[in-house]
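Read the structure below first, then the notes.
The values are calculated or read from the model by the stated rules, or taken from the named source; none is laboratory data. Quick caveat: nothing in here was measured; it's all calculated off a predicted structure. Ideal geometry is used to build each Cβ from the backbone, glycine not excepted, and the neighbour counts take in all protein chains shown.
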Amino acid sequence: MLVAFVHDWLTAYAGAEKVLEAALELYPTAPIYTLVYQQESFKGSRIAEHPVHTSFIERLPKGREKYRAYLPLMPLAIEQFDLSGYDVVISSSHAVAKGVLTRADQLHISYVHTPIRYAWDLQFQYLKEAGIERGLKSTIARAILHYIRLWDVASSNRVDVFVANSHYVAQRIWKMYRREAQVIYPPVDVDRFTPKGQREDFYLTVSRFVPYKKIDLIVEAFTRLGLPLVVIGDGPDFNKVKRIAGPNVQLLGYQPDTVVKDYMERCKAFVFAADEDFGITPVEAQAAGAPVIAYGRGGVTETVLHGETGLFFQEQTVESLLATVRAFESGEYQFDPERLRQNAERFSKKRFQHEFAELVEREWAKFTRVRGVR
């Protein structure tokens, strides 16, 4: 069984790339096909050990850095990869990877992190944040996103088996494509965390500073409460968040994994305000013994147990978060670090690899049996 992987782009070592890396360990000789590859971001990772094939977008002016500007060309670019030499093609997709071309005698399994969010449910937020709600640029952007949606639905028919990273995403796959998806939760490196008995008196959030992560919401709420908050991460919204942060808020910027681990193992609770498709950091926090205060929507509702391993706030507003933090502070809820750890272990890397390998073998056996009959 010859296997090839397709990934949208390899520019940062983030959640989707950790999923890809864990899957690659099962197929150590498999090549990777991707639109753009920034090799310097993957030094020391298993991804760097595999042959990587890139698209023509990487060779366009500033294609490696400004690849998102070439969104209209991405469907064409992903269709240019010649995958005819493989039995099984596994796409890891949050944009266009699932749209690769395969023959009828090739099995295509697509692990979907999300359908293209900025073309579907985040279109209006995307236009607003880009400042192009009206005018000629808005018209052009809307036309491009309309084309992307048409291609996205059409290319869903090229996938034999859909796999979603959460039931939340599986529901969105059904909404967009009218296709059923099996759910295999992403791998989380829970073994690198150790719950500690005594928690310290500060709250923690770790995130990229981008609008949908709602770091500004968390910082504003804690500034009003006056409770100590540590914020780890960097990104375009850093200065915006810095302007509203009170003296009780520490903005540490980007920190290495060792520092993140240390803070997660010591914090009073971890705060998470994004509407995420899965959300790895809340699981890591639980593995470290920290209860989670999270916006009760998206994948986090599948990884955090309300009242047992954390608390949900029901609206993505400062007032809703304030009320939930006050409930947490009241002492009404008690959280057992061992129960937190036990819940996090449901999402281990070992569990992911077992479920994923089993799925590929099962679907390949089913596919070859049907192909043999035909």
The listed residue being closer than 30 Å to Phe328 by Cα, touching a residue at least 40 places away in the same chain (Cβ under 8 Å), outside any loop (DSSP other than H, G, I, E, B) and not hydroxyl-bearing (Ser, Thr, Tyr), out of Arg224, Arg199: Arg224
Would you please name the residue that is farthest from the chain's Cα centre (by Cα), looking only at residues in the range 330-349 that are acidic (Asp, Glu) and loosely packed, with under 13 Cβ neighbours inside 10 Å? Glu332
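Conditions tested, residue by residue: (1) of a type in the set (Phe, Trp, Tyr); (2) surrounded by 15 or more Cβ atoms within 10 Å (Cβ to Cβ); (3) more than 27 Å from Thr317 (Cβ to Cβ).
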| position | (1), (2), (3) |
| --- | --- |
| Thr194 | no, no, yes |
| Lys214 | no, yes, no |
| Glu220 | no, yes, no |
| Gly226 | no, no, no |
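Would you point out which residue out of Ala323, Ala344, Ala357 is aliphatic (A, V, I, L, M), within 20 Å of Met264 (Cβ to Cβ) and either assigned to a loop (DSSP other than H, G, I, E, B) or at pLDDT 95 or above (or both)?
Criteria check complete, one pass: Ala344.
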Looking at (1) under 17 Å from the mean Cα position of the chain (by Cα); (2) under 25 Å from Lys196 (Cβ atoms), which one does Phe352 not meet, given that it meets all the others? (2)
Check Arg149, Arg117 and return the single one that is surrounded by fewer than 21 Cβ atoms within 10 Å (Cβ to Cβ) and under 21 Å from Ala16 (Cα atoms). Arg117
Filter result (under 24 Å from Val169 (Cβ atoms) and touching a strand residue (DSSP E or B) at 6+ places or on another chain (Cβ under 7 Å)) within the range 1-22: Val3, Ala4, Phe5, Val6, His7, Asp8, Trp9, Leu10, Ala16, Glu17, Val19, Leu20
Test Val96 against the stated conditions and say whether it is β-branched (Val, Ile, Thr) and either under 23 Å from His354 (Cβ atoms) or surrounded by 19 or more Cβ atoms within 10 Å (Cβ to Cβ) (or both). yes
Can you run down the residue pairs with Cβ atoms below 7 Å, 6 or more apart or on separate chains, where the first is in the range 234-246 and within 15 Å of Ala221 (Cβ to Cβ) and the partner is of a type in the set (Asp, Glu) and not in a loop (DSSP other than H, G, I, E, B)? Val241/Asp216; Ile244/Asp216; Ile244/Glu220
Mind telling me which of the residues Ala290, Ala294 ends up being hydrophobic (A, V, I, L, M, F, W, C), crowded, with 17+ Cβ neighbours inside 10 Å, outside the structural domain of Ala30 (by TED's automatic domain parsing) and assigned to a strand (DSSP E or B)? Ala294
Any idea how many residues of the range 303-320 are farther than 17 Å from Phe270 by Cβ and of a type in the set (Phe, Trp, Tyr)? 0
Tell me yes or no: at least one residue of the range 164-174 is modelled with pLDDT under 95, of a type in the set (S, T, N, Q) and surrounded by 13 or more Cβ atoms within 10 Å (Cβ to Cβ). no
Out of Val318, Val283, Val325, Val271, sole residue that is in contact (Cβ under 8 Å) with a residue 24 or more places away in the chain, out of contact with any Leu (no Cβ under 8 Å at 6 or more places or on another chain) and within 28 Å of Phe209 (Cβ to Cβ): Val283
